[in-house]
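Everything below concerns the one structure shown next.
The values are calculated or read from the model by the stated rules, or taken from the named source; none is laboratory data. Model, not experiment: these values are computed from the prediction. Note that we place each Cβ from the backbone using ideal geometry, even for glycine, and neighbour counts take in every protein chain shown. In case anyone asks, the SASA skips ligands and DNA or RNA and just uses the protein heavy atoms, side chains included. Shrake-Rupley method; radii C 1.70, N 1.55, O 1.52, S 1.80 Å.
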Amino acid sequence: MTSPLDRDTWARLYHRHARELHRYLSCRVDTQVADDLVSETFLTAWERRDSFEPARATPRAWLFGIAANLLRRHTRAEGRRLRAWAREHGRRAVTEQVDEHTAAVVDAQSMATDLAGTLAGLRPEEREVLLMVAWADLTATEIAEATSTQVTTVRTRLFRARRKLRARCLGGRSALVSGLDAAS
């Protein structure tokens, strides 16, 4: 961004990043909420355009940082919602009649329930870093710029989040494999 006041530059910035911001946000919240958050991100960025420092962050990271802050403010209850979702789908999977046709669906629901529960159990900073990598395809450097943290801190949070997910996923799989081995 050469001149934060230049409307053409601002329009190019919007066209370059609005879609990927929306894609990231809509993975975290409802599409309509994502629409609002993208609009609010650019409004906030416009209001703070004089404070943008190109030496400190890229425009993309700056926008994702604003979006992450707005998302955090909007979704303070994200952990509670994920836990409630995990409980509800867990109940449904147990109470449904399982036949050959629905076995794959039940397995997928069970995995989604485990994943949602594990995501809900992550510290908010770990969840945010993990989802920025998975859903927005941001690099550790971009996440560090977006969240105003050190790159090493981002990498540590990502490592811990992945380790917790891996332990949960492999824990369930190893129990399944043990059960199959015992049955043989």
Need pairs with beta-carbon distance below 9 Å; first residue within 13 Å of E128 (Cβ to Cβ) and within segment 151-168, second charged (D, E, K, R) and not in a helix (DSSP H, G or I); sequence gap 6+ or separate chains.
R157/R123; R160/R123; A161/R123
Look through segment 34-61, keep the residues that are open to solvent by 20 Å² or more (accessible area, probe 1.4 Å), under 24 Å from the mean Cα position of the chain (by Cα) and not β-branched (V, I, T), and return whichever of them is farthest from R73 (Cα to Cα).
R56
Only one of (1) within 14 Å of the chain's Cα centre (by Cα); (2) modelled with pLDDT of 90 or more fails for V151. Which number is that?
(1)
Residue identified as open to solvent by 30 Å² or more (accessible area, probe 1.4 Å), touching a Ser or Thr at 6+ places or on another chain (Cβ under 8 Å) and modelled with pLDDT under 75 among E96, E100, E145:
E96
Regarding segment 159-166, can at least one residue be identified that is assigned to a helix (DSSP H, G or I) and at pLDDT below 60?
no
